[in-house]
Amino acid sequence: QVQLVESGGGLVQPGGSLRLSCAASGIIIGTYVMGWYRQVPGKQRELVASIARGGSITYADFVKGRFTISRENAKNTVYLQMNSLKPEDTAVYFCNARSLVSTAWGQGTQVTVSS
């Protein structure tokens, strides 16, 4: 059974930083496309960043230069380092694991950027 557990969210001031973690069990993250998505009420969930099995990385335009996705295979964990946070980054952030035949989601972690 696949389980993805996010952590690291919270309240931060504009310009601050947070690091989100996604601890995976039931899968080997190096064999999946691992991604971070975010969602605000009333809007569709949107891709923030993803890292493919071969290591290629994709970022949404609105986070380029500010966020960094990485994975630590030994810990079966994916990270999202978020710097220069803006109020518009406020959302619930979800971890996703995707293969050709399946997809799994974590429960999400709230990130609030406010002074």
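Output the residue which, of all residues in region 1-11 that are assigned to a loop (DSSP other than H, G, I, E, B) and over 21 Å from THR68 (Cβ atoms), is most open to solvent (accessible area, probe 1.4 Å). Lay out the reasoning, then the answer.
To start, the set of residues in region 1-11 that are assigned to a loop (DSSP other than H, G, I, E, B) comprises 1-2, 8-9.
In the following step, the residues that additionally are over 21 Å from THR68 (Cβ atoms) were identified as 1-2.
Details: GLN1: 206, VAL2: 61 Å².
In this case the residue turns out to be GLN1.
Would you confirm whether or not region 35-51 contains a residue that is touching a residue at least 40 places away in the same chain (Cβ under 8 Å) and assigned to a loop (DSSP other than H, G, I, E, B)?
Taking every residue of region 35-51 in turn, at least one turns out to be touching a residue at least 40 places away in the same chain (Cβ under 8 Å) and assigned to a loop (DSSP other than H, G, I, E, B).
Of the conditions (1) within 23 Å of ILE29 (Cα to Cα); (2) loosely packed, with under 12 Cβ neighbours inside 10 Å, ARG71 satisfies every one except a single condition; which number is it?
Evaluating ARG71 over (1) within 23 Å of ILE29 (Cα to Cα); (2) loosely packed, with under 12 Cβ neighbours inside 10 Å leaves (2) as the failure.
Could you please find all residues in region 12-33 being of a type in the set (A, V, I, L, M, F, W, C) and exposed (fewer than 13 other Cβ atoms within 10 Å of the Cβ)?
Narrowing region 12-33 to residues of a type in the set (A, V, I, L, M, F, W, C): 12, 18, 20, 22-24, 27-29, 33.
Residue satisfying the conditions is ILE28 alone.
Among the residues of region 85-100, which ones are part of a loop (DSSP other than H, G, I, E, B) and open to solvent by less than 60 Å² (accessible area, probe 1.4 Å)? Reasoning before the result, please.
Of all residues in region 85-100, those part of a loop (DSSP other than H, G, I, E, B) come to 85-86, 90, 99-100.
Matches in region 85-100: LEU85, THR90, SER99.
Could you say which residue among THR112, THR103, THR77 is hydroxyl-bearing (Ser, Thr, Tyr), touching a residue at least 40 places away in the same chain (Cβ under 8 Å) and either more than 19 Å from GLU6 (Cα to Cα) or open to solvent by 20 Å² or more (accessible area, probe 1.4 Å) (or both)? Lay out the reasoning, then the answer.
Details: THR103 fails: touching a residue at least 40 places away in the same chain (Cβ under 8 Å); THR77 fails: either more than 19 Å from GLU6 (Cα to Cα) or open to solvent by 20 Å² or more (accessible area, probe 1.4 Å) (or both).
So the residue among THR112, THR103, THR77 that is hydroxyl-bearing (Ser, Thr, Tyr), touching a residue at least 40 places away in the same chain (Cβ under 8 Å) and either more than 19 Å from GLU6 (Cα to Cα) or open to solvent by 20 Å² or more (accessible area, probe 1.4 Å) (or both) is THR112.
With respect to LEU100, determine if the residue is among the aliphatic types (A, V, I, L, M), at pLDDT 95 or above and over 21 Å from GLY42 (Cα atoms). So that I can check it myself, show each step before the final result.
Details: among the aliphatic types (A, V, I, L, M): yes; at pLDDT 95 or above: no; over 21 Å from GLY42 (Cα atoms): yes.
For LEU100, the condition - among the aliphatic types (A, V, I, L, M), at pLDDT 95 or above and over 21 Å from GLY42 (Cα atoms) - is not met.
The values are calculated or read from the model by the stated rules, or taken from the named source; none is laboratory data. Model, not experiment: these values are computed from the prediction. Virtual Cβ from ideal backbone geometry, glycine too; neighbours counted across all protein chains shown. Note: areas computed on protein heavy atoms with side chains; ligands, DNA, RNA excluded. Shrake-Rupley method; radii C 1.70, N 1.55, O 1.52, S 1.80 Å.
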